[in-house]
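This report concerns only the one structure given below.
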Amino acid sequence: MPSSIDALIGNLAKLRCICNPARLTTACALVLTLLAACNTITSETGEQTVTAVDFDPAHPGEVRIGEVVFMAGFRLEYGARFFGGLSGLWVSPSGDRMVAVTDHGDWVSAPLSHDAQGRMTGVGTLTMRALTGIDADSIDTILDPQERDAEGLAMLPDGRAIVSFERRHRIWIYDRPLTDNEPLELDPPEFVGRLQNNGGLEAIEAMPDGRLIAIAEEPIGPGMVLDFWVLEPNGKWRSLGYLMRDGFKATGAAALPDGRVIVLERWFAAPGSIRNRLRELTPEQIDGDEIVDGRVLAEFTSKYNIDNFEGLSARVGPHGETFLYMVSDDNFNAGQKTYLFQFRLEP
C-alpha cells in the first residue's frame, strides 16, 4: 500500500534526489542489512564506555512508574568529537540495532542485544557519520550550525528514513540512511515557518497505515496548543492541535501497531530541573478534528535517573509485549548525560 509520503512526493513540482525511484520499494529487510553494513563507515571515532544504570536509585532493577515498567538502562559515553545531542531515535523491530540523529547533524548507530525475555542487555560499538545534505555533501560542510539541528527520526517499512529539523524547519527523506545518498526535501505542512526557532518539528513518526505525523515542540504564541499535523494518503497535510498540559512540551513520538501513538514530553525549569512524561493518543483522536488531549501513562520526576529525553521508539517484544526506548539529549553539556532506557508498556 503506498504511503502518504509517496503521495506527497508525487505532488511535488520539483524534486532533487539522486536515488533511482525503483529502489524506493526496497523490502524492510534491506534497511537492516544496510545498517549493519554501515557500522564500518565512520566519520568520527573515539573511546566508548557503556555503563548499566538503574532508573530508581532507591529500588534497583525493575520498577513500575504509572503504566510502564523500567527494564534496562545504559549511559553512553563516546570520545568522538560532537558526540551527544541525540534527539530522534529508532530501534529496529527485531531489537538488534538503534539509530539516532543529533543536534549536530549526525547519524549515531549501534547494535543492541536482548535476552530471551526481550530485556536489553547491551549496546555494541557506536558509530557516527554526518548526515548528507542536498548535493550529497556532508551536512557539516554546507550548512550553518543553526541549520544542522536534526530533531526527529522516523523509519518507513521500505527502509527510507525521514528526518525533521528545527531552526530552519524542514523534513528530509533519505533513501538509504547512514550512507552518502542525497536527501529529498519534502513539502512541509503549511505555516511551518511560523514555528519558534528552537521549538520546531521535534517529533515525527510513521504510522502503521502509511501516514506520517509531526508535532511541534512549542506553541506559536502564548497559547497552550501545539501544532500537530497528519500527512494523509492523498499527500496533503491535515492540521490538528495538541493540548499542552502542566508546562510539558512534546519531544518525541512512537506509533504502536494498533494505531495508538505514545508521545514523549519534557518539562524544564532552570537551573536544570527536568521531568519527563508519556502520554497516549488514540486512533480516534488522531482521525478526528478536535484538539487532542492525550492520557498520561507515566511521569518521571527528579527522584529517578533522568535527563533531557527527546527520542522515543517502540517495538513488539518476543512474547507480544510493547517495549518503549528513550534516549536523552545532553545538549553537549558536561553536566548532562546520554541515557538509553528501555520500558515495558503494561496493559
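Since every read-out is calculated from the coordinates, none of them should be taken as a lab result. Everything numeric here is computed off the predicted structure, so don't read it as measured data. In this analysis, Cβ positions are derived from the backbone assuming ideal geometry, glycine residues included, and neighbour counts consider all displayed protein chains.
General observations
For every residue, the table says whether it meets (1) within 21 Å of residue 128 (Cα to Cα); (2) out of contact with any helix residue (DSSP H, G or I) (no Cβ under 7 Å at 6 or more places or on another chain).
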position: 151; (1), (2): yes, yes
position: 154; (1), (2): yes, yes
position: 164; (1), (2): yes, yes
position: 187; (1), (2): no, no
position: 190; (1), (2): no, yes
position: 204; (1), (2): no, yes
position: 207; (1), (2): no, yes
position: 210; (1), (2): no, no
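- Candidates 331, 276, filtered to the one that is among the polar types (S, T, N, Q) and either in contact (Cβ under 8 Å) with a residue 60 or more places away in the chain or touching a Gly at 6+ places or on another chain (Cβ under 6 Å) (or both): 331
- In the range 299-317, the residue that is nearest to residue 85 (Cα to Cα) out of those that are among the hydrophobic types (A, V, I, L, M, F, W, C) and buried (at least 21 other Cβ atoms within 10 Å of the Cβ) is 309.
To keep it simple, each residue is scored yes or no on (1) of a type in the set (Ser, Thr, Tyr); (2) touching a Phe, Trp or Tyr at 6+ places or on another chain (Cβ under 6 Å); (3) in a strand (DSSP E or B).
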{"position": "204", "(1), (2), (3)": "no, no, yes"}
{"position": "208", "(1), (2), (3)": "no, no, no"}
{"position": "213", "(1), (2), (3)": "no, no, yes"}
{"position": "220", "(1), (2), (3)": "no, no, no"}
{"position": "229", "(1), (2), (3)": "no, yes, yes"}
{"position": "235", "(1), (2), (3)": "no, no, no"}
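- Flag if residue 245 is among the basic types (Lys, Arg) and not in a loop (DSSP other than H, G, I, E, B): no
- Screening the candidates 185, 190, 218, 232 for the property of being of a type outside the set (S, T, N, Q) and under 17 Å from the mean Cα position of the chain (by Cα) yields one hit, 218.
- For beta carbons closer than 9 Å, sequence separation of 6+ or different chains, a first residue in the range 294-318 that is on the phi > 0 side of the Ramachandran plot and without any contact (Cβ under 8 Å) to a residue 40 or more places away in the chain and a second that is among the hydroxyl-bearing types (Ser, Thr, Tyr) and part of a loop (DSSP other than H, G, I, E, B), there are no qualifying pairs.
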